[in-house]
Each structure stands twice: as structure tokens, then as C-alpha cells.
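The values are calculated or read from the model by the stated rules, or taken from the named source; none is laboratory data. Note that this is a predicted model, so its numbers are computed, not measured. Using ideal geometry, Cβ is built from the backbone for each residue, glycine included, and neighbour counts are taken over all protein chains shown.
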Amino acid sequence: MTEDKSAANVQTIKDFKPQQKTIEKTNKRSTILLSIGVVSALILSGMTYINEQIIIGIDGQDGGEGEHSLIITAPLLNSDDCDTGGYTIIVGSDSDGDGFLDEGEQETSDIICNGQQGLSGPQGLNGVNGSSGENGVQGNPGSDGFSGSNGENGSDGVDGTIGQDGANGLDGQDGNPTLSTTRSVSEGACLDGVVFEFGIDEDADSVLNRSETESSLSICFEALQSNRITDNVVNAGDSFAANCQHSASMNDVLYFSSYDIAFGCELWASRGLNPVRLSDINSGGDSEPGKHLGLVVAEDKIWFDAWNGTSRDLYRADDKGVELVADLAVDVAAGDRLVNAENGLHFQSAGDLYNLSDSLTILQTGISNLAVARDSIAYNQAGNIWHNGSSWPSTTLDSNLVWDEDNLWFLGTNDGMGSELFRLDSTGIEKMSSTLGNSPGQYMGLNIIGGVVLFDAPLVGSPDIHLLAFDNSNQTLFNINPALSSPGMSGGAVLNNGKLFFDCDSTLGTEMCISDGTVSGTKVLADVMTGVSDSDPRDIMVVAGEVVAVAKGWNGSANIGYALYSYSDSGATLLWDPQPGVGDSEAGLYGEITVAGDFLYFVAEDGNYGQELHAFAHGELSNTWIVLD
């Protein structure tokens, strides 16, 4: 096993605290803070907040018994209100406590009508006649008796004496007090702001801990910060490239691979706007973290492959540094996979399957196409598909796997004639198509909306890739919109609120498209580059319920290059252009959009530097900040 020499060169990102700045408060800000303070005082029952100190108030006396609500029914005042009859419901408070709802106590009423009489049901079949019994002997008629007179009502008895009041019940336990804190903000997304936090002091220590905070209100008195945050290869040099562009987010920290002049391509991390290098795995050279496996989040660690100068092995990291997991006998290579499922972190390398959550013991050999299926794993072995201990012979797995309520769907091969759509249910596995062309699902995989499976694929005899749909209700495969082609080729696809967002080619160029699983709902959503020129959406993803992507835009008179946009049913909105004006930032050329904490990160050029990491504060987009600039 190779010794890990990276520890001596590890930096940490535990306390990123830029210098505080003193800012003169404006009259507008003072008025806002005073108003919010008054509201906070009214909310916190029995609490006084003075100079960030909490004073516990004295319990008040119990209130008197409230009035009782009564509900009565009455005949309809106007028989025309209901064709089939009904009644009136009257609601009010029994103010005088006499148990009756007097006219002056009635507060509201409503009419309930009887339903229409239903149609008579069909007549049932006649039952089988029973056998006749023997006739009995007829008895003599009896004489009628005399009716007795009604007796007089008895007099009411004397009311009994009122019993003594029962003893008072035990006092309930005092509840935990409500606390609030106020803290100024002068770093990160907001350089001049205040955050109000509210919660219950569960441990009764008079301190509102993070776990006790139930709600917060964040206000910034100037525009949120959006900046370039790296220049690892100084000036016009690029800090990112094809084998050095991976990223992942964990615990509000961004982890990413990046070049710098002194250390080559290594692992970096950034909390907010403060990137630091975490590793020097290949001293004096490039370790290229995540080149084959990417960066995978599992068990509060970032897992990845890296080159140490002699071999490419498996590593993991957190904000404290990097450690070697395994010095493998065979280098991690293209085609190896690392997937996180409910039953553990699984690793496929050189045809061997490991469960890294358990040990480095080999679970299976000769496997390929490791994938996640409903929080467990699936893979190919000896020409069979394996999932949850079961296997299906003579079928190989060619795609991701998706579930609807009853079925597992995937693309696979079982006859050597090419990949087709398969369905797996409680009765077994079934091929659902036989007309797909080469490499179906390579750009956007399989997606399910309302019982319709959507994926990119050509049909046999045609080189054009279209958005195909399989309707499970009528077992039909069809091209959902022939006017759209090459779906997901640049930006992939994401599901959001029951709709699929993806890039596609159309008569308007390459634009953002949308599908709800119906023919009428599958169309071009927005054209931010006016005319037939491509807007070419890249890195499509969902941030706080909003779809975002980088795309080329038009400012009304010129091409402004790639910028960050948000998309909704109503179209597109420009969020931020890292290179304002007509310059092209080439955003999305490397890496992908990743969200960590208050920022949305992506790689772009700003006109003065090369391909560098940029951070966009998404507070207004995600409604986590109120901005008063």
C-alpha cells in the first residue's frame, strides 16, 4: 500500500472570517430595525431582549372560562332555497350560559339541502319459493278489552343541593421559554445585514443553539455579493480543464478540483467566497481528483479517485483534509463506478464489487455497469442483471434505472440486436420496445412523468435523435414532438414540479424546452437568443425549486454571450452575466452548476482572467434574503 504523503500539505477551511467592517447605519435601516424589534417583543411572550440578554418573565394568572359555542338546526325560512327540502344550520356563542342559542346570540347560518333522490336500482331476481307449511287450527276470536284512562302526571321533585366544588388540579409544568437572537452580518453573501433567529430554549440554558432555531429572518441593506473567487492560474490562465473540473457540495461547503501554478490540479474547498487548497496528493504534478469517478458525497465524506504520481487510487476528504482509502492493486480507470445507495457506498473497479461502508472485501467479481436502483444497487454479471439478490438471465443493463409506483424501467439488451426499453414488475421482466436505434438514453437517461417514460433515442432507420415517450397505460411508444430533436445533448435534463426541462434543437435554434408528458405540453419554453441563433442552454439544474442554466443571450441589439438564467413556465430571466456587455464568458465550458450554502457556483471568464470559479448569491431567487438596497 502506498504511503499517503498529502497530510503535511493539507490546509483547512474551519474558520473563514474576513475582517469585520464598521458601517454607519442609515435612518432607513434604524427605522426598519426598530420596527422589527417591536414585532419581536410582541411575539416573545413574557420575554425581554436587552443587549442580547434574556430575562424570563413571571407566569400570569389563569384566564376565566371562555364562552361556549352552540350549533342548532331550524326549518328553511324560504322553501324555494332547496328543491328537495333541507334545513338551516345556525352557529353562535352562548353568552348568557343558559344552554340555549338565543336570537341575539346567533352569529352565522347556512343552508343544507337534501340531495336529489337517486334512480331506483334494478329489480333483483325472484327467490326460490319455499315449501308450504301445514295449516294450523283456527282459533276463536278474542273480545276487545276496554281502554284505560291516562293517569295524572306526578309532581316534580325538589332540586337537590349543589355539591361542593372539587379540589383544584395540579399546576402544569412550565413550558420552555421562547428565545430570539439578533446578529449582524458583514461577510459572505451580504456585507451589511442583520439576521433575526427565533426558537424554543429546549435545554433551558438561556442560549438559542442552532438546533433550537425554528425560524429566521435575514435582511441585507445592499445588493448580495456575486463574484469571481479564484485566480489559481494567474491572470488569463485557466484554472479548470477537461480533466480538472469536478465539483460536489457537502454541509454548505463546495469541493472542487482546480489547477494552480505551484501544485497542479488538486482538491480545493470553499465555504462562501473563501477557496483553499486541501490536497497535494501528487507533489509537483497533477492528481486530477475525480477524473474517472467524479466527486461522490457519502457518509459525511467526499470520495474520489486521484493520481499520486505512481498509481490512481481511492481517496476521501472533508473540510479538515484528505486521506487515502485504498491503494488498489489495479489503478482506478475509465468505466469504474462509485455509487451511494441506502445499503452502502459501492465501488466497481477492475470488475470487482466492494461495499466501502463495510470493508474492502470483494463482494462479487466480473461485474459491470454498476447503478443505483431504488436505493439499492444493480449491475451486470455473466450476461445477467442482478438487483436485490435476484437475477434476470441473458439481459444486460445499458442505462440508469427509474421507478414508478409499480415498475422498474431501464434500457437493456437481451438479443444482441441493440438496446431497448424494458419493464420489471412483480411478474418478471418484459421488453417494451423493438424499434430503437443506437445508444438510446445517452444524453438525458430515463424520466417518468405521470406513467409516461421519456428518453432520448433515434428510431431504427433514422439518424435523428428525438424525445420518445412510452405510455404505459396503452403500451404505446411514440415521438412526442417531431419538431424537436437532440434533446439533452448540451445541458441534460432535470425534473421539477412534474415537468421535464431540457435543451433541444428546433426551428428557433438550440433552446430550453419543456415537457409534461403530453404532446401539447412538449415544446420550446424560451428563446433567450432572438432569431434562429442557438442559446445553447448548459448545466441545467434545480436550485430551491427554480430551474437555472447558463445560456447565450441577446440584449436587444447584440449577443451578450453565456450568462446565468432562471426558467419557469412564463419564460426566462437573466440572473447574472459574469462578463457584462457583449463579451462572452463561456460559462459552462467546464464543470457544472453546484449549490453550496448561500451561493451557486460555476466556471466562467470575466474578460480579465481565464476560466475561473464564480459564485452567485441566490438569496433573492430562493427567498432566503430580503434585500433593501
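Scanning region 414-430 for residues that are among the β-branched types (Val, Ile, Thr) and in a loop (DSSP other than H, G, I, E, B) yields a count of 1. Take region 82-115 and flag every residue that is within 16 Å of His68 (Cβ to Cβ), part of a strand (DSSP E or B), at pLDDT 80 or above and more than 46 Å from the chain's Cα centre (by Cα). Within region 82-115, Gln106 is the sole residue that qualifies. Just the residues that are more than 30 Å from Ile626 (Cβ to Cβ) and assigned to a strand (DSSP E or B), please, taken from region 225-247. Those that are more than 30 Å from Ile626 (Cβ to Cβ) and assigned to a strand (DSSP E or B): Ala241, Cys244.
Sort through Ala483, Ala469, Ala457 and tell me the only one that's surrounded by fewer than 18 Cβ atoms within 10 Å (Cβ to Cβ) and closer than 22 Å to Pro537 by Cβ.
Just a single option satisfies the conditions, and that option is Ala483.
Scanning region 405-417 for residues that are touching a residue at least 24 places away in the same chain (Cβ under 8 Å) and either within 14 Å of Leu459 (Cα to Cα) or in contact with a Gly (Cβ under 6 Å, 6 or more places away or on another chain) (or both) turns up just one, Leu411.
Just one of the numbered conditions (1) more than 24 Å from His387 (Cβ to Cβ); (2) not in a loop (DSSP other than H, G, I, E, B) is not true of Pro289: (2).
Here are some residues: Ser399, Ser433. Which one is in contact (Cβ under 8 Å) with a residue 40 or more places away in the chain, closer than 30 Å to Met512 by Cβ, assigned to a loop (DSSP other than H, G, I, E, B) and over 31 Å from the mean Cα position of the chain (by Cα)?
Just one listed residue meets the conditions, Ser433.
Restricting to region 552-576, and then to whatever is at pLDDT 90 or above and either of a type in the set (Asp, Glu) or closer than 17 Å to Tyr601 by Cβ (or both), can you tell me which residue is farthest from the chain's Cα centre (by Cα)? Among residues in region 552-576 that are at pLDDT 90 or above and either of a type in the set (Asp, Glu) or closer than 17 Å to Tyr601 by Cβ (or both), the one farthest from the chain's Cα centre (by Cα) is Tyr562.
Within region 516-523, can one find any residue that is at pLDDT 95 or above, among the basic types (Lys, Arg) and farther than 16 Å from Phe602 by Cβ?
yes
For the subset of region 584-609 comprising residues that are over 24 Å from Asn555 (Cβ atoms) and among the small types (Gly, Ala, Ser), which member is surrounded by the fewest Cβ atoms within 10 Å (Cβ to Cβ)? Checked region 584-609; the qualifying residue surrounded by the fewest Cβ atoms within 10 Å (Cβ to Cβ) is Gly597. Are any of the residues in region 118-135 modelled with pLDDT of 75 or more, more than 60 Å from the chain's Cα centre (by Cα) and part of a loop (DSSP other than H, G, I, E, B)? Checking region 118-135: not a single residue is modelled with pLDDT of 75 or more, more than 60 Å from the chain's Cα centre (by Cα) and part of a loop (DSSP other than H, G, I, E, B). Across region 235-261, which residue is modelled with the lowest pLDDT among those that are in contact with a Gly (Cβ under 9 Å, 6 or more places away or on another chain) and of a type in the set (Gly, Ala, Ser)? Restricting to residues being in contact with a Gly (Cβ under 9 Å, 6 or more places away or on another chain) and of a type in the set (Gly, Ala, Ser), the top hit is Ala236.
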